[in-house]
Amino acid sequence: MEENDMEKKLQGCKKGSSQREIPVPPAVLLLFVMGLMNIILYLYLDHVFVSPPPAVVEALRCPFGTFRMGQMKNCSPWLSCESLRTEVRKLKRVGEGAVKRVFLSEWKEQKVALSQLTRPEMKEDFLHGVKMLKALQSEHVVMLLGYCEDDGTLLTEYHPLGTLKTLEETLSLPKYQSLNTWHHRLKLAINYVNIINYLHTSPLGTLVMCDSNDLDKILSQYLLTSSFNIVANDLDALPTVNKDKGILVRCGHRELLGEFVAPEQLWPYGEETPFNDDLMPPYDEKTDIWKIPEVSSFLLGHVEGSDVVRFHLFEIHKACKKKNPEERPSAQVVLDTYQKVLNSLRDTVMPGVREML
């Protein structure tokens, strides 16, 4: 009997001890929670400034000939000449180029950008820009709201951050200083190359960004959106290349100079032969590829980690600078390389990402 009682007591002890939970030290639990929060924060920061996937963006877009912006719930037809004349109110001039004068304006209590033709002799370029805007409406191009060919007016979405020329000033503002990292700057460069790739593979064929003879000129062609993306804005000089039909381009009728433009855009016959536009050999879209390294370098700036990014982009940028345009990579190849660099550097948690975590 005593042995049986002892055996029952031992079994009871074993059963009680097996059911008793082992206490978790508070420090371990705290570390686990902090680690989980860091992962969630990292994923949030990684995606918060990235545009939605193309399928989602396209699903949100209005049918051709209509638009929706701001708090609008429904798509509205592009504004007609009459609507532009009676419903749009100019506020102040915010820019001027060779073709258009741009005014910050108001339409139904919403800020918009009204562009007006500067001189009648530039109307052909103006109409070409309108044609391009209509045909290329996408997440890569500023939203068209209306136009009037008779009046030489064009209405587009207003982006208060302005062109890429003022990027450094924007990032120095307290509101945007948290975005002044290699991570977000590289995403801007990816955004830029993505637009070039879109133009080179557009529904209209292979298009060349001809208004790009120096860095300032290129930067003035693109707008920075409030969601910290880039959209092409000025499409007045966007000729088509069709190599199968032997159709190449020449950007303008004046002689181009300097190292910024591609070698094939320079006068090839020496200083002893005066420039003659009729004798200038044409070229293709690879002139845009030549200029990518300088634009990207500007977008990357000189923040912590940007030098490491440049090091990883060295080989693809070297390929962009091949003297023979046929040896330069396509915009798609450049885009794929940029994305791989972003992914690899993000995975290694470079300086800047640690700050975000």
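The values are calculated or read from the model by the stated rules, or taken from the named source; none is laboratory data. Predicted model, so just to flag it, every value in this text is computed and none were measured. Counting neighbours? That spans all protein chains shown, and the Cβs are built from the backbone with ideal geometry, glycine included. Surface accessibility is based on the protein's heavy atoms, side chains included, excluding ligands, DNA and RNA. Shrake-Rupley method; radii C 1.70, N 1.55, O 1.52, S 1.80 Å.
At-a-glance table
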{"quantity": "Pairwise Cα inverse-distance average, inverted: Kirkwood Rh of segment 122-170 (Å)", "calculated": "12.3"}
{"quantity": "Theoretical FRET efficiency, 1/(1+(r/R0)^6), r = Cβ-Cβ of S227 and R250, R0 45 Å, to 0.05", "calculated": "0.80"}
{"quantity": "Qualifying trypsin sites (Lys or Arg not before Pro) in segment 306-341, DSSP loop, other Cβ atoms within 10 Å at most 13", "calculated": "K323"}
{"quantity": "Set of lysines with alpha-carbon distance to K291 below 18 Å, sequence-local pairs under 8 removed", "calculated": "K165, K187, K217, K318, K321, K322, K323"}
{"quantity": "Exposure rank, largest accessible area first [F64, F103; 1.4 Å]", "calculated": "F64, F103"}
{"quantity": "Gyration tensor (alpha-carbon) shape descriptor, segment 69-117, a/c threshold 1.5", "calculated": "prolate"}
{"quantity": "Heavy-atom accessible area order for R328, R68, largest first, 1.4 Å probe", "calculated": "R68, R328"}
{"quantity": "Proximal lysines to K131, defined as alpha-carbon separation beneath 17 angstrom and excluding residues fewer than eight positions away on the same chain", "calculated": "K100, K123"}
{"quantity": "Ranking by accessible area, most exposed first, for M72, M132 with a 1.4 Å probe", "calculated": "M72, M132"}
